[in-house]
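Following: one structure in structure tokens, then a few remarks.
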Amino acid sequence: MVILSEQKNNGEIGVSFEETKDKDLLEKTVLIGGLALVTLVLVFNQVNISNISDSLNQGMASNQEVSGSEIDISEEEVDQLSSTAQTVATVFPELDETTNEREVQETILVSGTPEYSDLIGGANFDEVEQSNRYLSQYYYEIKEDVQNNHIRVWNRYLDLVAEPKGVSCEYCCGLDAQAVDENGEMLCGCSHLPSMLAVTLTLMRDTDYSDGEVLREAMNWKAAFFPQDMTRVGAEVAGQDPSNLEDAPGMVGGC
């Protein structure tokens with residue numbers, strides 16, 4: 001409680017020393033209290049923002065709700081694959097139902113946004129070049145995480161990509177259907193390969209996709225990067241004449 005007292009000075013009412021002292025103390029107290037309150041609000045907001053960000057990141061990194069195309073491919077079938085053509089024939093069974101080259105292209109060349117797009121930074125089949133740029137950089141981040149923190153996923157990944165099953169950049173780097181060595185190191189320095197590998201690692205770590213479903217998505221991205229070569233493979237698998245295929249780009253995105 002501030003006690004005010006009057007002091008007459010030459011007939012005028014003045015303010016006493018005690019009053020001035022108490023007023024200064026009150027102002028300082030209010031100022032300090034205000035600064036403390038502002039600080040607490042800032043800290044509270046920062047903590048909440050951090051928690052929300054962590055929650056979102058954790059939700060994306062551990063998403064188990066995304067399911068694959070539910071193609072029926074056994075582990076034994078995947079183990080026996082030894083070329084891109086065999087993989088295409090296995091993961092695109094609908095090619096057997098195609099009756100012309102146009103249907104082959106519609107099967108091999110997909111468009112739109114895959115259901116797992118949020119897990120790979122929004123990458124999609126309508127923006128292939130932009131998606132390739134993002135995925136080729138994201139690969140190094142997810143590879144380090146899986147290799148260090150998800151050993152089972154890493155070993156499963158090696159079983160799929162360190163074999164000639166088609167997860168490779170064979171149409172731009174002169175490799176065959178295998179472009180990763182037994183230690184998980186890339187055998188090519190282009191941007192297409194790490195992009196395909198980033199998708200493969202993400203689907204294995206963050207979804208319940210089977211190996212067959214992962215391979216299908218890897219082939220979808222391979223076809224997005226190499227439309228001409230992959231539709232030719234699809235046509236050959238379907239028993240169609242590749243020479244009758246409509247023109248498609250030889251390669252999308254930098255090598």
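Here are a few things to note about the model shown:
- Enumeration of residues in region 104-133 that are buried (at least 17 other Cβ atoms within 10 Å of the Cβ) and assigned to a helix (DSSP H, G or I): Val104, Gln105, Thr107, Ile108, Leu119, Ile120, Val128, Ser131, Asn132
- Residue that is closer than 20 Å to Thr113 by Cβ and among the acidic types (Asp, Glu), where the choices are Asp176, Asp159, Asp229, Asp206: Asp206
- Residues considered: Asn132, Asn63. Of these, the only one that is assigned by TED's automatic domain parsing to the domain that holds Leu215 and either farther than 25 Å from Asn149 by Cβ or modelled with pLDDT under 50 (or both) is Asn132.
- Conditions (1) in contact with a Pro (Cβ under 8 Å, 6 or more places away or on another chain); (2) of a type outside the set (A, V, I, L, M); (3) part of a loop (DSSP other than H, G, I, E, B); number of the one not met by Arg232: (3)
- Residue check, Gly212 in contact (Cβ under 8 Å) with a residue 12 or more places away in the chain, under 29 Å from Trp154 (Cβ atoms) and buried (at least 21 other Cβ atoms within 10 Å of the Cβ): yes
- Considering residues of region 175-211 that are part of a helix (DSSP H, G or I) and of a type in the set (Gly, Ala, Ser) only, the residue nearest to the chain's Cα centre (by Cα): Ala198
Conditions tested, residue by residue: (1) touching a helix residue (DSSP H, G or I) at 6+ places or on another chain (Cβ under 8 Å); (2) modelled with pLDDT of 95 or more.
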site	(1), (2)
Thr84	yes, yes
Thr87	yes, yes
Thr99	no, no
Arg102	no, no
Ser111	no, yes
Pro114	yes, yes
Gly121	yes, yes
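- Selected residue (only one of Tyr171, Tyr157 is at pLDDT 95 or above, among the hydroxyl-bearing types (Ser, Thr, Tyr) and assigned to a helix (DSSP H, G or I)): Tyr157
The values are calculated or read from the model by the stated rules, or taken from the named source; none is laboratory data. The structure displayed is predicted, hence computed values, not measured ones. Heads up, the Cβs are rebuilt from the backbone with ideal geometry, glycines too, and the neighbour counts pull from every protein chain shown.
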